[in-house]
Structure formats: C-alpha cells, structure tokens
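Here the structure is laid out as structure tokens; the discussion comes afterwards.
Quick note: the coordinates plus some simple rules give every number you see, no bench work behind them. Because the structure is a prediction, the values reported are computed rather than measured.
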Amino acid sequence: MSHDPPTPQQATPHPGLEPGWFARQGWNQAGREYVPVDETHLAELMRWRNDQQSVLRQQEPLTPVDQERWFRDVVQPSYQQTHPRALQVVSKDGGVPVAYGGLTNIEWTSRRAELSFLVATESVEPDDRYAEEFHRFLAWTTMFAFESLGLHRLFTETWDFRDNHIEVLESCGFVLEGRMRDHVAKDGQFHDALLHGLLADDRRTS
C-alpha cells in the first residue's frame, strides 16, 4: 500500500479582470436579476445592515455618510481594478431589491473568496422564505465565482446560532471545516464561529 502524500494541484494565479468589466454586467437566473451595487442601493442596504447587525461583523449602526464614503472610496474604485478585493451585487425580484452580497476578501493568487449574503429585512422570517432567497443566491454566486471568474475556493464564517443559514449552506455542498470557539460577542454572549468551504471540484462532482 502506497503512503505517498497526494500530489498538490497546480495553482495558477488569476490574471485579473478587465477594468470596468464587472460594473457593466447584469445576470438573470432562476427568477432573480443580479446587478452590481450602485448609488441607488445605498439607503436600502444601510437599512438592512442596521436591522440585522446581530448577524454581521458590523459593530455600530451605519449612517448615510458612512454609506456614501464606502461607495466612493471602496466600491467605485474596485470596479476599475484588475484584482478587486470585493465584487458584490444586489438581487432583485421584479425590479425590487431582495438581497445583496457576493464575494469579499478575494485573494487572487490563491483564487479564493469569502461568500457574503444579506437578505432584505422583510424576508428574514419565516425560515422557508429566507432559505429560498439564500438558495437562489448561492446558486448564482457559485456559478459566477467558479465559472465566470475561474476561482478555486469559496469559504464562509457564520455565527453558530444561525441554524437556518448553516442548514442552507450545507445543503448546497459547503463543508464544515472548523469551529472557532467563543469567537464573537453578540448581545452580551460569546458564540462560536463556524467555517465552511466549497471547492470548484466539489461543485463539479456533486
């Protein structure tokens, strides 16, 4: 029986994007339209984030000034970069925003990105409504990351009390890879952070 270590996969750095390419895109999939974040979305995204701060890394309520600064200093410049740190979209149902997120903390050499997702506050409950929107968003995001961008890996960090979110992740093939104990304090209590990952090969073989 051979005990040789597995041969590492070839890792080729990503060549990057054509400047301005992402900002010109729009996608339609499974009844949802996905468009890059623009200025018309800022107020709605601020409301969602402030309403759902308990599930985010965000520590303080956002203000319109914060949103304008974020768009001017982070989002707009990223649309012209060949190796942006984030590529985020708004999901629309009949022209109405229902969720947003995408890829953050993109590391182009290793072809990996962290998945982000936030549903409209009105769709947080009931659980099946949240699960439907998250399923749709995961289907689009994994397609975009692996097929359009040629990334190799997606990962997430989720607080352990988010049972519905975790159930959807795992039903879509994300593998639980680790647990960071008492990693985050929310509402006066410590919670574990769960790490999940999905490789392009996982998606092709599922």
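Quick rundown of the values:
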quantity: Within the stretch 22-155, percent of DSSP bridges classed antiparallel, to nearest 5; calculated: 90 percent
quantity: Normalised contact order of the chain, rounded percent, pairs of Cα under 8 Å and 6 or more residues apart; calculated: 17 percent
quantity: 25 Å tail of the calculated P(r), the chain, as % of Cα pairs; calculated: 40 percent
